[in-house]
Each structure stands twice: as structure tokens, then as C-alpha cells.
Amino acid sequence: MQAILIIAVLIPSVVVHEVAHAWQARREGDDTAEQLGRITLNPIRHLDLFGSFIVPFVLALAPVNFIFGWAKPVPVNPAKYRSPIWGDIRVSLAGIVSNFGLAVLATLGLALVSKVIDVSGPPSSGLMETLVEMAQYGIIINLILAFFNLIPIPPLDGSHVLFHLLPMPIAVRYADAGRYGLLVMMGLLYLWNDLFTYLMWPVFFFLGQAYTFVDLWI
């Protein structure tokens, strides 16, 4: 049941992340994603069988302390951006901003449900408990997606910012490493479980702030 709830929250979270990339790309002057129908919340347009289902389901069942997943990357053409450098940075960070927004909404949802439970007493069905769990997963999953994507390892979103700060010869080699980036990251996380804890310390900080906010309501 826990794995099902996690995937139920993860899927819309990664879909919104990709839609944010596509939407911002259109604002920057690139209609590639729009022409391919990627500015839509229809999950069929975005989901990847391996990254959206198999990987998170296996991680949810595995004895590890991390979980993540991904959708099909939105195709963009930076050459169409009105400002190639800043357009690339803004498009890359749009997905991260969307996940922060979803984490805030999940925090508000958790506060509201917690207040209802506090006022009405223990619920007679499991619906409210399920809503609480989904809101909690909504906070932590979206914080993980946001900060994980900020890691400057190609092809993660944070790498686009670092790319533009590097000398061009080094930047080109850096970007080429993106074909191995996720495999290397997954291998490191599997072999060194505590690495996720070190990388995701901001997640735990903001998660604590979210729960502090929720406590104000009850």
C-alpha cells in the first residue's frame, strides 16, 4: 500500500515538473515541446515506464532510505530561446520551482487535514489517514525532486547552471558526461546509502519547517 501511495504522488509530481519545463520553454520562444503536445497534465504524454514506475516501485520496496523517479525529458531547442543562456537556465530551473510549489501545497493540505482531524476527532474510516499520508509524501517527494535536480551532475537541471559558468571546452565535456550521469548517481546511491542523506540535507531542513508550520494548526 505504501509503494502504491508513493507512486500515486510521484507520478503527478514528475508530470508537473516536465510541464513546467515545457511551459517555460514556450515563454522563452521555443515551441518544440508545445508542438509535441507536452504542455499538458495528461500523464501518458510524459511518463517513462522505467523511470516513473519500475525504479520508484523497486526503491519503495528495497531496504534503502531514498526514492526518486523521472518522466520523459521535455525536448527543447535552446537555439530558439530569445536569450540562449538565461533562457536555458530559466527553463532548467522551472521544474525545480514547480516542485517547491507542490511541496508548499502539500504542506497546506496536511495542515488542513490535520486541523479537521483535530476538530472532529479520530476519523471512523481510513480516508483521513490516507490523505495525511499522501500529503506527507507530497511534501517529501517534491522536496527530494527539487533538491535532487539541483545537483550539478548532467543531465540533472542543476548542471545547466554550472555549464554556463565553465569555460567552453570544459563545459562541452561536462555536458557529454550526461549520458552516464544518472547511472553513476544510481550506482553511488545504491553502494553508499548514506550519500543520499548527505546530498539531501536541505530536504530534511525544509521538511522540519513544513511540520513546524503544520503544528501551528493543531
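The values are calculated or read from the model by the stated rules, or taken from the named source; none is laboratory data. Everything numeric in this text was worked out from a predicted model, so none of it was measured. With ideal geometry, Cβ positions are generated from the backbone for all residues, glycine too; neighbour counts draw on all protein chains shown.
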In segment 141-162, residues that are more than 18 Å from residue 71 (Cβ to Cβ) and touching a residue at least 60 places away in the same chain (Cβ under 8 Å) total 1
In segment 100-147, anything under 19 Å from residue 205 (Cβ atoms) and of a type in the set (Val, Ile, Thr) is listed as 104, 107, 139, 140, 141, 144
* Asked: Any residue in segment 29-52 that is in contact (Cβ under 8 Å) with a residue 60 or more places away in the chain and under 25 Å from residue 139 (Cβ atoms)?
  -> no
Among helices (runs of 4 or more DSSP H) completely within segment 66-182, the ones holding 3 or more residues that are surrounded by fewer than 20 Cβ atoms within 10 Å (Cβ to Cβ) and of a type in the set (Val, Ile, Thr) are 84-120
(1) at pLDDT below 85; (2) closer than 13 Å to residue 91 by Cβ all hold for residue 67 apart from (2)
Log entry, pairs with first residue in segment 187-203 being assigned to a helix (DSSP H, G or I), second being among the aliphatic types (A, V, I, L, M) and at pLDDT 75 or above, beta carbons closer than 6 Å, six or more apart or on different chains, reads 203/143; 203/144
